[in-house]
């Protein structure tokens, strides 16, 4: 566990440095736009997606340095989605990672543009990654785009379902699109760069899909059980905005059972992988147990 | 002129068909998101950027079919920027191409997401373009991203300058970023695909940069001289929102002189190109004379 903490910290340091360099080399002129981008990117995120990418890379012998650009790109896409999701027209959140959201700190126009810019910078980072062959970069851009479209579709489904009595299928679809797609791509990027064979790739992608679902179901639970202070974002927000979540559809007890079940399936998939999956198992345990 | 009209119509037909196919194959599930995307994309744009790309292609013997994906990508990036620029937090426009803007027809959240989705689809279209070599696709993704970042920076500069007494340099910088970058890339995409040599590329890019400036200065003039009905968007909008424009900085008469001067420089550049530039000259004339 201490080892995993260290791994997360190393990941965050490396990815933050890379993102800082990418943002600087973009030479964004308007100071307000640049500040808004930095405010949101360097707001103390967990860098969970990069950590997963590096962990899959570790499993298949892909060096972290080779994945730095892709990991930064994923984190920038994730950050842009948070900026836009927090907007008044969307989830209307004032607090994120313990501080003001982008549109509160700056203004709505700047927040929309900061999100737009981050999205572009992510694709540019992958396209310009001279450490990778062009054929690999093209696959990464395509995969990242595919995940980003699913994420947008998930957010639309989420908003359209607010206050509705959607069932288990809809809430699972929202989660798979909104959070799952980008988490799965994070694993896939390492598999693509490592040229991992289809059978193993399939297995890891099924695992990553379950991990993504665990992550979001866990988030749903934390929203109910934790305080605004520990979360760093407004607690009980899902209920007040009548979001479709696992607890709202299944109730707390059943949601915890579902989470345990997904965990079992995820670890079973890892057990079938003929590699050292210690890091991935540690991450899986961390996600199922997290309380913050 | 009649020939040019025909060229624009053929361009629009081809690009619209390609965009329809790209949007369909993205399998966007939420019906509201899909409708919003279609509403904005198929709202009767001139497809000026694709036409410029095809015209440069024609000049260097690059077949239109080879550029269809890139042209569609540019048009999708352009459309996303219009959707976001029209939002209440930005330029707050209700009318675009003679009909309701995306957020008026649907809602703000859907408009933000439709713009986000279009941006991603543009990058995916280029990355997946199997008619082009991977090395070419990577250059196109990077160039498109570079232009899109500049466009966002230009919009931020534009908003930040509202009501300010910025001078000639600032208004030129806004225009070069906000409109010029994507128009220049439209020309560049054809040059990249056609593997046109650096010297010629340099010349065409300087021409495209002037054409882009002409285009926007012309837009500034039209905003002052035309009615909402002929424009299909709210007339005299720049003045009411205290935008920094060529007429606001230089006055009407001087702006017309500047436009004529840019036109001279642009045609001089074309004259130096040792190719059949009839189509590009026709486009240049069209831009300087347009009244609609």
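At a glance:
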quantity	calculated
Inter-part distance where segment B:152-196 and segment B:12-81 are each reduced to a Cα centre, Å	20
Relative exposure of B:246, B:60, judged by other C-beta atoms within 10 Å (fewest first)	B:60, B:246
Pseudo-label separations to other copies for residue A:135 - Cα-to-Cβ vector, 7 Å, nm	1.4
For residues of B:160-168, the mean tally of beta carbons on other chains within 10 Å	1
Pair residue A:285, residue B:131: separation of 7 Å Cα→Cβ label points (nm)	5.4
Near-label residues of segment B:60-78 by backbone N, under 16 Å of a point 7 Å along Cα→Cβ of residue B:42	B:76
Inter-copy label distances at residue A:202 (7 Å, Cα→Cβ; nm, one decimal)	5.4
Cα-derived Rg to Rh of the protein assembly as shown, Kirkwood definition	0.99
Segment B:2-289: C-alpha pair distances exceeding 23 Å, %	54
Pairwise label distance in nanometres, residue B:24 with residue B:9, each label 7 Å out on the Cα-Cβ vector	2.4
Teacher prompt: residue B:61 distances to equivalent labels in other copies, 7 Å Cα→Cβ, nm	4.7
Peptide ranges B:208-217, A:92-101 listed from the most packed, as the mean C-beta count within 10 angstrom indicates	B:208-217, A:92-101
Relative contact order %, segment B:2-289, counting alpha carbon pairs below 8 Å whose residues are six or more apart	20
Computed over segment A:74-217: relative contact order in percent, which uses C-alpha pairs under 8 Å that are six or more apart	20
Shielding by partners - mean other protein chain Cβ count within 10 Å, residues of B:125-131	4
Residue-averaged beta-carbon neighbours from other chains (10 angstrom radius) around B:82-94	3
Potential extension, residue A:92-residue A:256 segment - 0.36 nm per residue separation minus Cα distance	56.3 nm
Rel. contact order, % - alpha carbon contacts under 8 angstrom, at least six apart, segment A:30-125	36
Selected from B:145, B:51, B:122 as most flexible by GNM, with chain B as the system and alpha-carbon contacts under 10 Å	B:145
Paramagnetic reach from residue B:17 in segment B:130-153 [backbone N under 14 Å; point 7 Å along Cα→Cβ]	none
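We did not get these values from a lab; they are worked out from the coordinates using the rules stated. In this text, all values refer to a predicted model and were calculated from it rather than measured experimentally. Please note: Cβ atoms are built from the backbone with ideal geometry, for glycine as well, and neighbour counts cover all protein chains shown.
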